[in-house]
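Below is one structure, written out as structure tokens, with a few remarks after it.
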Amino acid sequence: MTAALLFLKSLIIGVAIAAPVGPVGILCIQRTLAYGRRTGFISGLGAATADAFYGLIAVTGLTMVSGFLLNHQFWIQVWGGVFLLLLGWKTFTSQPAALKVGEPHTTSPVKGFLSVFLLTLTNPMTILAFIAIFGVFRVAGPEDFLTAMMVVLGVFSGSALWWAALALVGGWISSRVGPASLKMINRAAGIVLTIFSVLFLIDLI
């Protein structure tokens, strides 16, 4: 398989992993609408980085790391559920940047990146999803380090491309809605994230 074809397949895999709308997607959409394209995109890069990390584990067969994550899956998901619940509450009670007089127009991009990165990492089953999709696309284990990095770069690029497109669309929408609508969006997103967190925790019982 040529390097270009391998990169293209990995890019498609990155989009396929990132595209399904879940708590991470809801959170990034809300941040884009409330704080702008830059914050939404950087938050999305947190998810792309976590996807690339799990893609690296899957394609290189790092059994020690994947084994640890899967063996401690319960507690990782408990932490993730609680973290998501806190994010839901914070999102519900947050004020859009347009309503904040005398404050910066964006939330901290670093906090946005880290929160989404950590939230995405709380789903170790992503490793199994990558292994399954790699099998469908016939992306075998790498023969060398450079091939592995090509796969990881492709996955990251595909995921980042998805979040960039989402940020562009979200930014276009946010420029056409008022502060009151943004506040309602924050509350709706907070409720959805809270529901996700409750379902996430119930699923562990």
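Throughout, read-outs are computed from the coordinates displayed, never taken from laboratory work. Model, not experiment: these values are computed from the prediction. No Cβ is skipped: glycine too gets one built from the backbone with ideal geometry, and neighbour counts run over all protein chains shown.
Brief remarks follow.
- For the pair W75 and I173 in one chain, pulling the backbone fully straight at 0.36 nm per residue adds 31.5 nm over the alpha carbon distance.
- Projected label points at A180 and L204, each 7 Å from Cα along the beta carbon direction, are separated by 4.1 nanometres.
- Extension gain from L5 to K111, taking 0.36 nm per residue of separation minus the Cα-Cα distance: 34.6 nm
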